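Presented below is the structure to which this report refers.
The values are calculated or read from the model by the stated rules, or taken from the named source; none is laboratory data. Everything numeric here is computed off the predicted structure, so don't read it as measured data. Here the Cβ is made from the backbone with ideal geometry for all residues, glycine too, and neighbour counts use every protein chain on show.
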């Protein structure tokens, strides 16, 4: 009995020692694993009718994304620890901020690059595990108007790093006060929008259950979901909205186009008004890796294992063909300029910053989130991104969605209206012509972090060459 107790105690000591030695690895693995866990519950599991194959694929995607993210962040932690040894603590903390911002960017860009496919873009990111998600739904979000998405994430990771190091915890006051101060400045300078007001309508519905035709007499803008204008032309526009002959209401949404001699479909943004019909069309610019564009790596694996049926299923059922250029802004009366994107730009802060910098006074997003099967985690992440777009650029944000929440956020991220199912949201919104520091400069902390890493690598190469 005594020997068994001694063995159990020895095992417990080994486990505790291992946990202490690998605590940061374990914590990062849990965070990134949680952030990506929704991939285990999407309709990828029904890939080509084979749930077992779909689940295996989802586990592989989850494992690779987590492994890449943990690797990147651990490398940055080691670099920060090295800088702490060479500089005073205060200086090292200042240097660490852009380094963690750069690491947060890399954990969004590296997985996207890893899963790139023939219709992908090199500037696409997957920031679903960014540290900024922990700050967006707090008063600290207003600091994003000065430091951006990954800058906000850099602050979060820096504070966590200082908490993790017992000897450095007393220095947590430095980034905390800085973040609070930037948040106060961001609120004071940009919380009041400058622009005209108008009535907008946002739709919540599903692909199979649409709302009834909308009377748009009192609305200047009606936002439909992604694919909400499928099979709609000028001849049958009345199936979706109507207006008095003397009223001119504008609408936007998207529809699917299946071009001849090509595998896949185009996701086409449609814009027009009730008097002239459809006046503008443009194909979707940014696609979600794995969701709308099958990565080269998975294509290679499916071909190597003779899974032609799965490859064909994705190509015909989900494959989307990218448009040639960034979506253009849409001009309405009363100085309203709409930065309208279709679904996937919600995870690309740079797309909406481009809109605001180019003059957009309000943002919209037409989404179809059927693939996520109502995942609460992804729903929280998706709305957090929308809140960031709204707050960081100080713009109202209108989302119309299929099989997900539709909502309207004001320029300070407050939810003015929200609905699921078949609902029509009618809200008074306001344009804003003010531009934040982030809108002007973008992710400058990421650039600074990149330069620091590059300089460290150059010094290492010089040292190696000099023996």
Those residues that are within 18 Å of residue 198 (Cα to Cα) and surrounded by fewer than 16 Cβ atoms within 10 Å (Cβ to Cβ), I need them from region 418-432; list them, please. 426, 428
Please verify whether residue 201 is buried (at least 24 other Cβ atoms within 10 Å of the Cβ) and in contact with a strand residue (DSSP E or B) (Cβ under 8 Å, 6 or more places away or on another chain), treating the condition exactly as stated. yes
So is residue 393 buried (at least 24 other Cβ atoms within 10 Å of the Cβ) and modelled with pLDDT under 95 or not? no
Any residue that is within 17 Å of the chain's Cα centre (by Cα), in contact (Cβ under 8 Å) with a residue 60 or more places away in the chain and under 30 Å from residue 83 (Cβ atoms) - is there at least one of those in region 410-427? no
Is region 272-291 home to any residue that is surrounded by 13 or more Cβ atoms within 10 Å (Cβ to Cβ) and farther than 30 Å from residue 221 by Cβ? yes
Right, residue 253: part of a loop (DSSP other than H, G, I, E, B) and within 29 Å of residue 144 (Cβ to Cβ) or not? no
Look at residue 144 and say whether it is touching a helix residue (DSSP H, G or I) at 6+ places or on another chain (Cβ under 7 Å), surrounded by 20 or more Cβ atoms within 10 Å (Cβ to Cβ) and not in a helix (DSSP H, G or I). no
